[in-house]
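Enquirer: Mind looking over this structure? Questions follow.
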Amino acid sequence: MGRQSARLLTAIGGRLQKVEQELSEDLGALANRTLNRVDRVKLACLLRVADALHLDSRRAPRFLRAITNPAGVSAVHWAFQERLARPHIELDAVVFTTGQPFGREDAEAWWLAYDTLNSVDRELRDVDLLLQGRGKEVLKARRVKGAGSPEILARSVQTRGWRPVDARLQVSDVPRIVENLGGSKLYGDDPTVALRELIQNAADAVQARRKYQKRAADWGLITVGLLREGDNHWLVVEDNGIGMSEHVLTGPLLDFGTSFWRSPQAMEEFPGLMAAGMHAIGRFGIGFFSVFMLGPVVRVYSRRCDKGQDTGRLLEFRGGTSTRPILSPAPGDPVPIDGGTRVEVLLKNHPHQVGGLLYLNSYPKRIIPLATLVGAVAPNLDVAIETLAKGGTEPVARPGDWLKISDRDLVRRLNPTVDRAATDTPKADRTLMQPIEGEDGQVFGRAFISPSRWSFTPDGGWGNDFWIARRSAS
């Protein structure tokens with residue numbers, strides 16, 4: 001619990017860059033108050049630092065605790081703050097001390113204090129760098145004594161009967177973990193999994209923009225294409241959804257195992273979005289990394305829908321997860337003109353060859369059109385989806401059309417092995433398609449059992465298939 005709270009404080013501290021962006025211009029002298037201009041950046045830094053350092057017993061009086069009786073993580077916060085004395089400064093360091101040591105039963109509270117003071121230390125250091133970069137006078141306090149070292153902090157924030165040693169679980173080989181849990185070890189060798197994940201992420205972005213800007217329930221578009229550059233083939237998935245800021249591109253997007261829509265950054269970036277009924281498809285924060293199953297070179301162009309064209313950014317991976325990505329201002333053309341995100345992946349396998357995106361490993365083996373594959377991967381999204389075709393685009397699905405189209409057409413969408421040239425689909429397939437109706441007779445879902453050995457399942461696998469879907473509550 002303590003480390004979760006510290007991550008929240010870290011996220012808040014990491015937004016200091018927005019202070020300079022939004023408050024860079026000084027205010028003129030206030031009449032009858034001062035003859036000097038008001039440095040809004042420095043004033044904001046002072047307020048942030050003052051708030052971050054307000055952690056001692058004055059904030060958590062024992063008498064008030066007895067009255068309110070906080071529980072859970074609030075009680076742990078209270079327990080460490082009520083022990084801290086008013087901080088003082090030694091040279092350039094803020095020093096926290098405690099009158100009553102933390103016993104073994106208070107170890108969780110001590111570690112929360114340690115994590116919180118580390119966040120305060122980062123805030124002070126970020127403020128110091130910001131003021132130095134602006135050529136301004138820096139603050140006297142530039143760090144927290146003991147931050148980064150449990151042993152040193154324990155000399156002033158004392159313990160009794162135990163010794164704090166930082167023995168947290170660690171992941172030393174992050175690229176390998178990402179490769180295993182975000183790639184073939186989890187998903188198998190099916191390249192369509194990455195396409196599905198990209199489409200789901202795009203659908204979440206469109207849904208978020210609908211809620212954020214109060215757009216119609218059927219607004220938005222996802223476009224999927226295969227582009228050829230010489231001997232190279234690129235998979236492109238583009239949406240006109242809510243888009244990502246630079247902070248999200250370099251933060252939650254790359255935070256393996258953390259879903260942006262369930263992070264504090266989502267509430268800070270888009271206040272009120274969750275209250276508006278945002279329900280994301282993605283939940284685990286690992287789907288994006290499946291894209292490296294397709295190839296190690298990935299480009300992510302994105303711009304928030306409510307920001308100017310100059311805020312568009314390009315995040316480029318040139319060697320998979322083992323190398324650091326490169327962030328740069330996005331060139332004008334590839335960035336969605338109305339805001340949104342465009343992901344480009346250089347395919348390591350030719351799409352028409354074994355292991356390729358369009359190579360159907362069935363009997364007989366065959367190549368399927370991109371539109372057919374996209375329809376099977378995303379048969380019932382509530383977002384319009386189309387594919388790039390020669391001379392234009394080809395529609396794949398419209399929001400909610402899977403509830404209205406005929407059994408034959410839905411079976412064809414679900415099963416890419418069906419011969420598109422045939423005038424009809426096998427009767428056995430269609431008789432096993434059943435509507436799910438409410439008491440008023442309205443169809444809100446459909447269920448389908450496929451007898452085909454090589455039917456395509458919506459979750460990205462091959463084999464005997466039971467498929468059921470219902471209309472989303474949102």
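Read-outs: derived from the displayed coordinates by stated rules, not from any lab. Fair warning: this is a prediction, and the values are worked out from it, not measured in the lab. Note: ideal-geometry Cβ built from the backbone for every residue, glycine included; neighbour counts use all protein chains shown.
Enquirer: At a Förster radius of 41 Å, what calculated FRET efficiency corresponds to the Cβ-Cβ distance of residue 405 and residue 73, to the nearest 0.05?
Expert: 0.25
Enquirer: How would you order 95-103, 441-449, 63-71, 374-382 from highest to lowest mean count of nearby Cβ atoms within 10 Å?
Expert: The most tightly packed comes first, giving 374-382, 95-103, 441-449, 63-71.
Enquirer: Sticking with this structure for a sec: For a test of the definition: using alpha carbon positions, the gyration tensor, and the 1.5 limit on a/c, classify region 329-412 as rounded, prolate or oblate.
Expert: oblate
Enquirer: Could I ask something else about it? For the pair residue 262 and residue 155, how long in nm is the line joining their label points, each one 7 Å along Cα→Cβ?
Expert: 4.2
Enquirer: Set the bar at 28 Å for Cα to Cα. Now go through 42/307; 214/404; 211/404; 42/211 and name every pair that lies beyond it.
Expert: 42/211, as the Cα separations exceed 28 Å there.
Enquirer: Measuring from label point to label point, each 7 Å out along Cα→Cβ, what is the residue 434 to residue 348 span in nm?
Expert: 4.3
Enquirer: Compare the peptides 203-212, 338-347 by average per-residue count of other Cβ atoms within 10 angstrom and give them in order, highest first.
Expert: Ranked from most to least packed, the peptides come out as 203-212, 338-347.
Enquirer: Sort 293, 433 by Cβ crowding within 10 Å, fewest neighbours at the top.
Expert: The fewest-first ordering by Cβ neighbours comes to 433, 293.
Enquirer: Turning to a different aspect of this structure: Cα atoms only, region 37-151: Rg and Dmax in Å?
Expert: In order Rg, Dmax, the Cα atoms of region 37-151 give 15.7, 52 Å.
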